[in-house]
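Have a look at the structure below before the remarks.
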Amino acid sequence: MNWVIKSLVAMGIASTGAAAKAEIVNDGSLNQANGAFIREYDNALAPLQFVKFCMNNGSECAPDTAERTLPSGEQAMSMLREVNSAVNASITPMQKSTNPMVARWTIAPSAGDCNDYAVTKRHQLIEMGWPTSALRLAVVLTNGGQGHLVLVARIASGDFVLDNLSGSVRPWNAVEYEWISMQSAGNPRFWVAIGQHGERLRATRLAMLRTVQ
């Protein structure tokens, strides 16, 4: 989905994203020092289609209104494997339009692309009682440079990836993707830059600030 990457620099939740506080980005900073967790950096624009998705599915993008308990240990992994397998089997892969004016993310369609798989998995796990802060959509680049959307589930032992291109639920650092951006744990409407991409962006911004000073 090359439009996913383009939309990160073209449009997003411009009016609200700028208001997100930096402390949200550093949620779980101690855990991020451990390679089992994705490093998070500065605020990033949300993909355009995510903005449209939230406009049409407000409850999918809202923070939890009640306290939810994260499943522990093997129970959590069992639920992740079950949902990943079931959704991968229930949706037929289909090439969808990349035109931002007509493209849209859909929950539980009969046929769809990576975006539909990811939002459906997140929806199902939330329905099963998972907290929204533990289920975060993430934009990555595949080895071929193609934009791709996956779901990242954060449990006590690390971040795990639910992917329509794999039947396995894998640790994030076992997946050969370039990590671009991800929903914030503090508010699912906000996004943050992640991984080496986020590190490079922060270094560039700091260098620019030094030049101005």
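The values are calculated or read from the model by the stated rules, or taken from the named source; none is laboratory data. Remember, it's a predicted structure, so these values are computed and weren't measured experimentally. Here the Cβ is made from the backbone with ideal geometry for all residues, glycine too, and neighbour counts use every protein chain on show. Calculation scope for accessible area: heavy atoms of the full protein, side chains included, ligands and nucleic acids excluded. Shrake-Rupley method; radii C 1.70, N 1.55, O 1.52, S 1.80 Å.
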Kirkwood Rh for segment 90-139 from C-alpha pairs, in Å, is 11.7
Can you run phi through the Karplus equation (6.51, -1.76, 1.60; θ = phi - 60°) for segment 122-133 and list ³J(HN,Hα) in whole Hz, with x for Gly and Pro?
-> 4, 4, 5, 5, 5, 4, 7, x, 6, x, 4, 5
Relative contact order of segment 75-200, defined on C-alpha pairs under 8 angstrom at six or more residues apart (%) = 21
Once amide H atoms are built 1.01 Å from N in the peptide plane, which residues 5 or more positions from Ser181, or in another chain, come under 5 Å H to H?
-> Val139, Ile194
Could I have the simple spin-label model distance between Met77 and Met101, label points 7 Å from Cα toward Cβ, reported in nm to one decimal?
-> 4.9
Compare the Cα positions of Ile126, Phe160, His148 along the charge dipole of segment 51-161 (+1 at Cβ of Lys, Arg; -1 at Cβ of Asp, Glu; about the Cα centre) and return the one farthest towards the positive end.
-> His148
If Arg136, Arg189, Arg210 are ordered by their accessible area, calculated over protein heavy atoms with a 1.4 Å probe, which sequence runs from highest to lowest?
-> Arg210, Arg189, Arg136
Taking 83-94, 117-128, 137-148 and ranking on average Cβ neighbours within 10 Å, highest first, one gets 117-128, 137-148, 83-94
With a ≥ b ≥ c the root eigenvalues of the C-alpha gyration tensor of segment 36-177, is it rounded (a/c under 1.5), prolate (a/b larger than b/c) or oblate?
-> rounded
Cα gyration tensor category, rounded, prolate or oblate, for segment 50-133 with a/c compared to 1.5 | oblate
